[in-house]
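Step one of this worksheet: look at the structure below.
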Amino acid sequence: MNFFKHLKTVTRHRREVRKLCFKCGLIRQGLTHDLSKFSRAEFKAGVKYYQGYRSPQAKEREVLGYSAAWLHHKGRNKHHAEYWTDSGGVGAISPVAMPPRYLAEMVCDRIAASKIYKGENYHDGCPLEYFEERKGRVVMHPKTAEKLEYFLTMLKDEGEKKTLKELKKFVKENK
């Protein structure tokens, strides 16, 4: 049963990200967003740890102490800040500023994930709340974090339509 529930969640998420990315002018990224979720490494864990109200990776992390699905996912998807890290020496991780088009996709991803997991409790402040809850726990370049917070605050204060319009402008001006 979790197979179909997880498939439905992933499909709904991808559809929502696609709609948002298209509004930002990110056609290719909208079409290819999170395709790795259908890989064996990610999908199998998604089914096994499916809960419906949060990412299965969170449950996998609680059970195993890490998430193999997340390690696979973040290394293949440029819309995650964790993709944009480099080793700065022994035991050091150096974040790299994300290119604008991937930062815009990350904003779309966070909006879509919040809509899917929050359901009828979603409001435009949810993605910002999620960001603020995890601030300091995610390795992210300061410029990336600043821009992400800027757009998520705009979403909360001015709504989705205005935010997507500004994201589209941001991507176009920074090609």
Among (1) surrounded by 14 or more Cβ atoms within 10 Å (Cβ to Cβ); (2) over 17 Å from residue 13 (Cα atoms); (3) not basic (Lys, Arg), where does residue 94 come up short? (1)
So residue 120 ticks every box in (1) under 17 Å from residue 12 (Cα atoms); (2) in a loop (DSSP other than H, G, I, E, B) but one. Which box is left unticked? (2)
Kindly check whether there is at least one residue in region 137-147 that is touching a Pro at 6+ places or on another chain (Cβ under 6 Å), surrounded by fewer than 20 Cβ atoms within 10 Å (Cβ to Cβ), assigned to a loop (DSSP other than H, G, I, E, B) and of a type outside the set (Asp, Glu). yes
Conditions (1) out of contact with any helix residue (DSSP H, G or I) (no Cβ under 6 Å at 6 or more places or on another chain); (2) of a type in the set (Gly, Ala, Ser); (3) free of Cβ contacts under 8 Å to residues at least 60 places away in the same chain; number of the one not met by residue 113: (3)
Is it the case that residue 54 is of a type in the set (D, E, K, R) and more than 18 Å from residue 76 (Cα to Cα)? yes
Looking at 52, 30 in this structure, which one is buried (at least 20 other Cβ atoms within 10 Å of the Cβ) and either touching a residue at least 60 places away in the same chain (Cβ under 8 Å) or touching a Lys or Arg at 6+ places or on another chain (Cβ under 8 Å) (or both)? 30
Say whether the condition of being open to solvent by less than 50 Å² (accessible area, probe 1.4 Å), farther than 19 Å from residue 11 by Cα, of a type outside the set (Val, Ile, Thr) and touching a Leu at 6+ places or on another chain (Cβ under 8 Å) is met by at least one residue in region 56-79. no
Being closer than 30 Å to residue 161 by Cα, over 16 Å from the mean Cα position of the chain (by Cα) and open to solvent by 20 Å² or more (accessible area, probe 1.4 Å): is that true of residue 8 here? yes
Identify all residues within region 79-109 that are charged (D, E, K, R) and touching a residue at least 60 places away in the same chain (Cβ under 8 Å); write none if there are none. 101, 105, 109
Options 155, 128; residue that is open to solvent by less than 40 Å² (accessible area, probe 1.4 Å), within 24 Å of residue 14 (Cβ to Cβ) and within 13 Å of the chain's Cα centre (by Cα): 128
Restricting attention to region 11-27, the residues that are among the hydrophobic types (A, V, I, L, M, F, W, C), surrounded by 14 or more Cβ atoms within 10 Å (Cβ to Cβ) and in a helix (DSSP H, G or I) number exactly 4
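The values are calculated or read from the model by the stated rules, or taken from the named source; none is laboratory data. On a predicted model such as this, the values are computed, not experimentally measured, just so you know. Positions of Cβ are generated from backbone atoms using ideal geometry, with glycine treated the same way; all protein chains shown enter the neighbour counts. Remember, those area values only see protein heavy atoms, side chains included, never the ligands or the DNA or RNA. Shrake-Rupley method; radii C 1.70, N 1.55, O 1.52, S 1.80 Å.
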